[in-house]
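A quick write-up on the structure given underneath.
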Amino acid sequence: MEKGEDNNETKFTIEGNPGTGNTFINIGKAINVNPNATTVENNFFFGADGEMKRTALQEIGIGKPSGKKLGNMTIREMLSQNLIDTGNIQKDIINYVSRIRPYVKDEKDKLFMQLWASILEHAAFKIDLYDPGKQPCEFNRNLVANIIHYLDSMHFYKAEYNQSEMTRALEGDDQHAIRRALRSDPEEKYAQVVDAILKELDI
């Protein structure tokens, strides 16, 4: 295997019979040398250390929910080995929680956004926040909702916390399934991390 002159393409030289079902990964796509097999294209890049990494979750079912596999690895396994670039997912989460900013006290708004920026980067949330499980989205929406509920106990919101209003703000429908998660706090281990982040920010 050698890099092309423009460093944007990787060329493969295959000698002998490649067998059936073998897949060779190029930077832009997966090349399956078995013409009868199904080829799934994924986005990959090579990091500074030369390690191949995956840049985005697919819209198709493969590799998306927990337990599903991309090749021989589940999403949780890929996250644990830093094989998924979560940058775009982080943007989605920020956009999601920003939907309730009108409910956040003016003096808490800056803290609210800095808190979420820190949560997205914190090692404690490295797996569970980015593994959607069976949820039809690309992040753990239930955990996000639990944290939103937890912030009520810290007086982040302008008025008395209203589960229906929060559900409507997030999903446009106050009967959406996220409603259940918006009435519960996160697991204690995550609540403690949120407490620690807020203490560090000290705004």
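What number of residues within the stretch 150-160 are in a loop (DSSP other than H, G, I, E, B) and more than 17 Å from residue 107 (Cβ to Cβ)?
At the first step, the residues of the stretch 150-160 found to be in a loop (DSSP other than H, G, I, E, B) are 155-156, 158-160.
Cutting the leftovers down to more than 17 Å from residue 107 (Cβ to Cβ) gives us 160.
Number satisfying all stated conditions: 1.
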Regarding the stretch 151-159, can at least one residue be identified that is under 22 Å from the mean Cα position of the chain (by Cα), surrounded by 17 or more Cβ atoms within 10 Å (Cβ to Cβ) and more than 26 Å from residue 79 (Cα to Cα)?
yes
Out of (1) modelled with pLDDT under 95; (2) surrounded by 18 or more Cβ atoms within 10 Å (Cβ to Cβ); (3) of a type outside the set (Gly, Ala, Ser), what's the single condition that is false for residue 147?
(1)
Conditions first: (1) open to solvent by 30 Å² or more (accessible area, probe 1.4 Å); (2) over 18 Å from the mean Cα position of the chain (by Cα). Residue 92 passes all but one, so which condition is the exception?
(2)
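Hey, could you check the stretch 160-199 for residues that are closer than 17 Å to residue 120 by Cα and surrounded by 14 or more Cβ atoms within 10 Å (Cβ to Cβ) and say which is farthest from the chain's Cα centre (by Cα)?
Taking the stretch 160-199 first, the residues closer than 17 Å to residue 120 by Cα are 186-187, 189-199.
Filter again for surrounded by 14 or more Cβ atoms within 10 Å (Cβ to Cβ), leaving 186, 190-191, 193-194, 197-198.
Working: 186: 17, 190: 16, 191: 19, 193: 18, 194: 18, 197: 20, 198: 22 Å.
Residue satisfying both the conditions and the ranking: 198.
Quick one: which of 141, 168 is of a type outside the set (S, T, N, Q) and touching a Leu at 6+ places or on another chain (Cβ under 9 Å)?
Details: 168 fails: touching a Leu at 6+ places or on another chain (Cβ under 9 Å).
The match here is 141.
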Taking residue 26 as meeting all but one of (1) more than 12 Å from the chain's Cα centre (by Cα); (2) open to solvent by less than 50 Å² (accessible area, probe 1.4 Å); (3) modelled with pLDDT of 90 or more, write down the number of the exception.
(3)
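Okay, residues lined up against (1) touching a Lys or Arg at 6+ places or on another chain (Cβ under 9 Å); (2) assigned to a helix (DSSP H, G or I):
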site	(1), (2)
110	no, yes
114	no, yes
127	yes, no
139	no, no
164	yes, yes
176	yes, no
183	no, no
192	no, yes
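Does residue 202 meet the test of being open to solvent by 60 Å² or more (accessible area, probe 1.4 Å), at positive phi and not basic (Lys, Arg)? Working first, answer last.
Numbers: open to solvent by 60 Å² or more (accessible area, probe 1.4 Å): yes; at positive phi: yes; not basic (Lys, Arg): yes.
When the stated conditions are applied, residue 202 passes them.
The values are calculated or read from the model by the stated rules, or taken from the named source; none is laboratory data. Just so it is clear, the structure is predicted and the values come from calculations on it, not from any experiment. Cβ: placed from backbone, ideal geometry, glycine included. Neighbour counts: every protein chain shown. Remember, those area values only see protein heavy atoms, side chains included, never the ligands or the DNA or RNA. Shrake-Rupley method; radii C 1.70, N 1.55, O 1.52, S 1.80 Å.
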